[in-house]
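Structure, as structure tokens:
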Amino acid sequence: MNTRFASRMAQVKPSAIRELLQYGADPSIIAFGGGYPDASLFPIEQLNHVFEASILQNGSESLQYGLSTGLPRLRAQIADRMRGDNVECSANNVLILQGGQQGLDLVGKLLIDKGDTILTEDPTFLGALIAFAPFEPKYITVPMDEEGIQIDALERTLEAHGRIKFLYTVPDFQNPTGVTMTLARRKRLIELANKYDFIILEDSPYRETRYEGEHVPPIKSLDTEGRVLFLGSFSKILAPGLRLGWMVASEELIEQLGLLKLAADTQTSTLNMSAVSLYLDTYSIDQHIEKIKTLYHHKRDVMLNAIKASFPEEVIFTIPGGGMFTWLTLPEGVDSQRFMLDHALPEAKVTYVPGATFFPLAPRHNHARISFATQSDDNIRKGMSALGSCLKRSLQKTTVTSVI
Ligand code: PMP
């Protein structure tokens with residue numbers, strides 16, 4: 001049959017990451033490409049208990065339909081946690097989502113008309129580009145450095161382009177770079193948003209995993225005009241299979257988003273919301289998060305030490321203070337995707353995510369995203385050492401050829 005797809009489908013393409021992940025299925029390959037958390041951290045017994053209790057003790061409610069904005073008790077618990085993070089809010093400012101990813105889709109529906117301009121960090125989270133694509137936006141990108149989005153460049157861009165619909169940022173331990181936006185830049189970002197009248201979509205699923213460095217308040221906590229939408233998630237602090245995330249925004253926006261949520265999926269699973277709500281009442285999620293931080297801190301150190309010991313000096317890497325990723329910058333002219341297919345996979349038996357896919361407009365090819373979350377210490381050492389040797393061999397050859 002010749003299906004007449006909607007024209008928006010021209011923008012919908014398979015994720016390059018998913019295609020590359022197929023290589024990771026080979027057991028002889030050490031995969032650093034995925035964005036999965038370490039499954040050994042899932043609190044299985046505790047979740048088993050709260051799911052069982054939700055069904056046996058409260059089944060008539062936890063198996064029933066509920067409100068599209070989410071279980072009132074869970075909304076209140078999330079508001080409590082957000083207030084603990086300096087965000088003034090109540091349960092009415094919280095919308096429960098099917099993972100943070102759903103928030104990206106709903107915000108796309110809420111705000112993007114075809115051709116509207118969205119500003120993003122360069123590079124940015126691929127899942128956001130995938131979520132926004134069906135709404136056919138135009139992008140303007142602003143480069144990043146080790147302090148987050150380059151705020152002077154942002155100001156110049158705003159001066160030049162005038163109105164934008166919203167700015168999308170992942171300010172904490174960004175996916176893909178691992179970089180965190182400084183407080184000074186967050187403050188200036190809010191000033192610019194007020195001056196140029198745009199919304200900020202603050203997507204921060206890694207926020208609570210900081211294992212090093214000073215706490216930096218969320219951009220939402222600096223918001224004086226209700227123009228920041230904060231996206232949070234239980235994926236990295238409990239388990240992604242729960243598909244539970246949340247949005248914090250003005251009541252007006254939450255109401256509108258609630259209507260879209262109703263149209264999209266009626267509501268998030270009542271059972272999952274009840275179980276997580278009971279988990280938060282019964283156990284200390286903060287204690288659990290401490291375990292996550294300890295393990296990721298350790299794995300980050302194993303990875304960075306291995307990189308320092310075996311990579312050529314020309315390769316630069318970020319030092320994340322939380323989250324799961326470091327971002328490699330290879331010398332100009334090295335194409336990380338070609339290098340992976342020609343060398344990293346066959347010779348070093350490792351995969352990563354080539355960086356080009358994270359740039360909305362002009363792909364830069366000499367970057368790679370590497371996750372240290374899921375591999376064992378031994379595999380991290382082995383994989384980085386093999387990748388380092390492979391890089392050394394190949395970069396030497398490049399220099400020799402270029403001299404010739
Ligand atoms: N935003 C960012 C920056 C992410 O890295 C992810 C997941 N990798 C998400 C949103 C979506 O996460 P989830 O839907 O599992 O909450």
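The values are calculated or read from the model by the stated rules, or taken from the named source; none is laboratory data. Keep in mind that this is a model prediction, so the values were computed, not measured. Note that each Cβ is placed from the backbone with ideal geometry, even for glycine, and that neighbours are counted across all protein chains shown. Ligands, DNA and RNA are stripped out before the accessible areas are found, and what is left, the full protein with its side chains, is counted by its heavy atoms. Shrake-Rupley method; radii C 1.70, N 1.55, O 1.52, S 1.80 Å.
Here Gly59, Gly84, Gly99 are screened, and the one residue that is open to solvent by less than 10 Å² (accessible area, probe 1.4 Å) and either out of contact with any helix residue (DSSP H, G or I) (no Cβ under 7 Å at 6 or more places or on another chain) or within 16 Å of the ligand (Cβ to nearest atom) (or both) is Gly99.
Restricting attention to the stretch 64-74 and to residues that are touching a residue at least 40 places away in the same chain (Cβ under 8 Å) and either part of a helix (DSSP H, G or I) or open to solvent by less than 50 Å² (accessible area, probe 1.4 Å) (or both), the residue that is farthest from Ser235 (Cα to Cα) turns out to be Gly66.
The single condition among (1) part of a loop (DSSP other than H, G, I, E, B); (2) under 26 Å from Val12 (Cβ atoms); (3) free of Cβ contacts under 8 Å to residues at least 40 places away in the same chain that Thr124 does not satisfy is (3). Between Tyr168, Tyr139, the distinction of being within 24 Å of Phe325 (Cβ to Cβ), in contact with a helix residue (DSSP H, G or I) (Cβ under 9 Å, 6 or more places away or on another chain) and either charged (D, E, K, R) or within 16 Å of the ligand (Cβ to nearest atom) (or both) belongs to Tyr168 only. Residues of the stretch 209-261 being closer than 20 Å to Ile289 by Cβ and part of a helix (DSSP H, G or I), which ones? Thr209, Lys220, Ser221, Pro240, Gly241, Leu242 - these are the residues of the stretch 209-261 that are closer than 20 Å to Ile289 by Cβ and part of a helix (DSSP H, G or I).
Residues considered: Arg188, Arg210. Of these, the only one that is surrounded by fewer than 22 Cβ atoms within 10 Å (Cβ to Cβ), within 16 Å of the ligand (Cβ to nearest atom) and on the phi < 0 side of the Ramachandran plot is Arg210.
A single entry from Glu52, Glu61 fulfils the requirement of being over 21 Å from the mean Cα position of the chain (by Cα), in a helix (DSSP H, G or I) and free of Cβ contacts under 8 Å to residues at least 60 places away in the same chain: Glu52.
Would you be able to say whether some residue in the stretch 295-307 is acidic (Asp, Glu), outside any loop (DSSP other than H, G, I, E, B), outside the structural domain of Asp377 (by TED's automatic domain parsing) and open to solvent by 10 Å² or more (accessible area, probe 1.4 Å)? No, there is no match, as no residue in the stretch 295-307 is acidic (Asp, Glu), outside any loop (DSSP other than H, G, I, E, B), outside the structural domain of Asp377 (by TED's automatic domain parsing) and open to solvent by 10 Å² or more (accessible area, probe 1.4 Å).
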